[in-house]
1. Based on what the data block shows, is Glu65 charged (D, E, K, R), surrounded by fewer than 21 Cβ atoms within 10 Å (Cβ to Cβ), at negative phi and in contact with an Asp or Glu (Cβ under 8 Å, 6 or more places away or on another chain)?
2. If I ask for residues that are part of a strand (DSSP E or B) and modelled with pLDDT under 95, which ones from segment 45-73 would you list?
3. Restricting the search to segment 6-36, which residues are in contact (Cβ under 8 Å) with a residue 60 or more places away in the chain, more than 20 Å from Leu120 (Cβ to Cβ) and part of a helix (DSSP H, G or I)?
4. Given Trp76, Trp122, Trp142, which one is hydrophobic (A, V, I, L, M, F, W, C) and surrounded by 18 or more Cβ atoms within 10 Å (Cβ to Cβ)?
5. When you go through (1) under 24 Å from Ala26 (Cβ atoms); (2) touching a helix residue (DSSP H, G or I) at 6+ places or on another chain (Cβ under 8 Å); (3) touching a residue at least 24 places away in the same chain (Cβ under 8 Å); (4) surrounded by fewer than 14 Cβ atoms within 10 Å (Cβ to Cβ) one by one for Thr166, which number turns out not to apply?
Amino acid sequence: MMADGVRVLITGNGGSGKTWLGQRLAERLSVPLVRLDDLYWDGAYGGRERDKRVVFDEVATRAAEPSWVIEGVYGWLLPAALPRATEFIFLDLPVDACLDNVRRRGNQGSGDEAAFAALLAWVAEYPNRENSNSRLTHRRLWDGFAGSREILRRRDELDAYLNRRTSDRPAGG
């Protein structure tokens, strides 16, 4: 049975575990999962970027649904969902852990080694980036969120959160 009114937003660096956590949380809560990568890229991740206004509007439309888990790194898209979110999770894992996760999952995009190397460099610069996909932007959005909030800084905290969050569901929800 779907958990009514559950709207969880998850953000963090590439390789922090957003998709891993989002998939499991959505499955256990029986709510739809919205992956911002799937909306932003035309075709597979790393393909052609779609029009940003169209994508923003699509995120806002999905956020208007009664229940969901939305996950992604795109800080410029998060405000489309934040007003409807009931919970905001910021995955603030160390860069080395994120890089290890990206290396472990391998090249999911075009298969091009240069593109994979660029992805690793992009993940590595997360703490120092000065754009909407940065640690600073994610933290500012998280700090300004008035609802339920979590910062998870280690992989074992993701596991513990998932177990805690899905074991304390009300009966029937």
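1. no
2. Arg48, Glu49
3. The answer is Leu21, Arg24, Leu25, Arg28, Leu29.
4. Trp142
5. Result: Thr166 passes all but (4).
Here's the yes/no breakdown for (1) assigned to a loop (DSSP other than H, G, I, E, B); (2) among the hydroxyl-bearing types (Ser, Thr, Tyr); (3) over 17 Å from the mean Cα position of the chain (by Cα):
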residue: Asp38; (1), (2), (3): no, no, no
residue: Gly75; (1), (2), (3): yes, no, no
residue: Ala81; (1), (2), (3): no, no, no
residue: Asp96; (1), (2), (3): no, no, yes
residue: Val102; (1), (2), (3): no, no, no
residue: Ala114; (1), (2), (3): no, no, yes
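The values are calculated or read from the model by the stated rules, or taken from the named source; none is laboratory data. Bear in mind that the values here come from a model prediction, so they are computed numbers and not experimental data. Cβ sites come from the backbone with ideal geometry, for glycine too, and all protein chains shown count toward neighbours.
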